[in-house]
Amino acid sequence: MIVLAAALMTQTPMPAATPEEEIVVIGRKLRSANLHYTLRKSALRSCRAMSKDVDPVIQTAGCEAIGWCADQKRAGKAEIAACVAERRPAILDRVAELRVAQ
């Protein structure tokens with residue numbers, strides 16, 4: 001037991017993720033967020049993640065993107081999905097902004 005504890009203490013820490021690696025991870029989290037939303041005409045009425053383990057920052061940025069797309073008069077699910085996919089770089093930037101603000 002003591003040997004295990006000593007081994008854990010002497011291990012070198014994992015190197016920090018590079019910005020590129022963080023972008024990949026955030027992109028995966030965004031794709032797997034499974035956001036459920038409702039629209040009324042072209043206004044976003046509600047938006048939330050379907051599972052509780054979704055990062056709140058990812059949920060916020062994703063829902064903001066859905067709202068932006070709805071404001072652009074893209075009402076169908078396929079149109080919203082295409083719009084969000086097009087906006088992925090802006091969404092990643094927004095996630096970074098929200099993380100800094102925390």
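The values are calculated or read from the model by the stated rules, or taken from the named source; none is laboratory data. None of the values given here were measured: they were computed from a predicted structure. Heads up, the Cβs are rebuilt from the backbone with ideal geometry, glycines too, and the neighbour counts pull from every protein chain shown. Quick note on the areas: whole protein, heavy atoms, side chains included, nothing else; ligands and nucleic acids left out. Shrake-Rupley method; radii C 1.70, N 1.55, O 1.52, S 1.80 Å.
Brief remarks on what is shown
- Extreme residue, surrounded by the fewest Cβ atoms within 10 Å (Cβ to Cβ), among residues of segment 50-65 that are at pLDDT below 90 and more than 16 Å from V25 (Cβ to Cβ): K52
- Residue list for segment 25-41, filter: open to solvent by less than 30 Å² (accessible area, probe 1.4 Å) and within 17 Å of E79 (Cα to Cα): Y37
- Pairs linking a residue in segment 52-63 that is under 15 Å from A96 (Cβ atoms) to a residue that is among the β-branched types (V, I, T) and assigned to a helix (DSSP H, G or I), with Cβ atoms under 6 Å and 6 or more positions apart or on different chains, are V57/V95; A61/I91; A61/V95.
- Residue selected from segment 66-82 under the condition aliphatic (A, V, I, L, M) and touching a residue at least 12 places away in the same chain (Cβ under 8 Å), by the criterion farthest from V24 (Cα to Cα): A75
- Segment 33-54: number of residues that are of a type in the set (D, E) and more than 22 Å from V95 (Cα to Cα): 0
- Identity of the residue in segment 83-102, more than 19 Å from V24 (Cα to Cα) and out of contact with any Cys (no Cβ under 6 Å at 6 or more places or on another chain), that ends up most open to solvent (accessible area, probe 1.4 Å): Q102
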